[in-house]
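The values are calculated or read from the model by the stated rules, or taken from the named source; none is laboratory data. In this text, all values refer to a predicted model and were calculated from it rather than measured experimentally. Every residue, glycine among them, receives a Cβ derived from its backbone with ideal geometry; neighbour counts consider all protein chains shown. Ligands, DNA and RNA are excluded from the accessible area calculation, which covers all protein heavy atoms including side chains. Shrake-Rupley method; radii C 1.70, N 1.55, O 1.52, S 1.80 Å.
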Amino acid sequence: VLIWTEDITLGAVAWALFSGSLFGFGGLFLLYVLNSQEVSRTVPTVQTAPIFAAILGLLFLQESLNTLQWLAVLLTVSGAALLSIRQDEEYRRIFLHSSFFLLMAASVITAAGQVSGKVPLDTLSVPLTHGLRSLGLAGVLLVASIFDSRARQDVAYLFRTRSPGLMLVALSELLLVSLAFMLFLWAISMGPVGLVSALVATRSLFVLVYSTTLTLRFKDFLGEQVTPGALAIKVISVSLIVIGVGTITVA
């Protein structure tokens with residue numbers, strides 16, 4: 001069926017745009033933290049979104065959580081907090097990095113985007129829903145970039161120098177990310193959004209493997225800490241997040 005033959009309603013279009021804009025705001029928070037923190041510590045924390053999706057259902061949809069699911073919430077948040085723990089070398093004290101709260105905000109916003117993204121799929125096709133969500137996401141990021149002088153300078157520099165980074169961005173954002181979003185929408189159109197989101201959260205493991213491999217191969221390519229102690233904490237934290245997210249959606 002061609003997407004322009006569908007019964008397009010204003011409500012469905014609004015929900016798709018709203019879902020995309022939420023992903024845009026969540027992405028802004030994530031990018032802000034990624035600017036100064038390790039990718040293997042930031043991305044897994046945002047993958048706690050299914051936990052907050054369940055809590056949003058509890059607050060607004062009169063859904064309920066059993067004891068095992070509440071334990072899963074605690075397990076997941078503990079894993080995310082463990083990734084944000086730092087040690088002050090001067091005073092030898094342990095503290096929770098301030099980025100943790102921004103990443104939790106990004107996770108909550110992303111959860112709302114995941115839940116609201118399922119609504120338009122009742123009447124719209126996956127490609128059309130993806131296109132509308134992309135417009136919402138791009139609108140938020142475009143407005144944020146317009147008011148950021150550094151972002152404008154970076155874009156101008158990439159075009160002026162014909163940097164290979166342009167090709168990398170195109171490959172990543174236009175192809176890989178779009179394909180990932182399409183597959184996610186296709187999956188939630190056929191099953192529960194919570195279960196699908198839980199499966200998507202396993203990408204934290206792949207992020208850890210990719211970032212560690214690139215750092216070991218190219219030395220400081222991503223600025224990742226790859227000491228045995230740091231890797232042990234990351235593996236434990238990511239495992240807690242994946243197990244917790246999986247438990248709350250299948251329990």
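Here are the numbers for this structure:
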item: Highest average packing first - 41-49, 109-117, 223-231, 137-145, Cβ atoms within 10 Å; result: 41-49, 109-117, 137-145, 223-231
item: Cα gyration tensor category, rounded, prolate or oblate, for segment 12-82 with a/c compared to 1.5; result: oblate
item: Residue-level accessible surface for D7, protein heavy atoms, 1.4 Å, Å²; result: 120 Å²
item: Rounded FRET efficiency, nearest 0.05, which uses the C-beta distance separating L231 from R203 and R0 of 22 Å; result: 0.75
item: Tensor-based shape of the chain (alpha-carbon gyration tensor, a/c under 1.5 rounded, otherwise prolate or oblate); result: oblate
item: Under the Karplus curve 6.51 cos²θ - 1.76 cosθ + 1.60, θ = phi - 60°, whole-Hz ³J(HN,Hα) for segment 179-185, x wherever Gly or Pro sits; result: 5, 4, 5, 4, 5, 5, 5
item: Per-residue ³J(HN,Hα) for segment 151-157, Karplus 6.51 cos²θ - 1.76 cosθ + 1.60, θ = phi - 60°, Hz, x for Gly and Pro; result: 5, 5, 5, 5, 5, 4, 5
item: Cα gyration tensor shape of segment 7-129, rounded if a/c is under 1.5, else prolate or oblate by comparing a/b with b/c; result: oblate
item: Spin-label model distance (nm) - R86 vs F147, 7 Å beyond Cα toward Cβ; result: 2.6 nm
item: The chain - accessible surface per residue (Å², probe 1.4 Å); result: 57 Å²
item: Of all accessible heavy-atom area on the chain, the percent that carbon and sulfur account for (1.4 Å); result: 71 percent
item: Taking the chain and dividing mean pair separation by its residue count, relative contact order in percent (alpha carbons under 8 Å, at least six apart); result: 38 percent
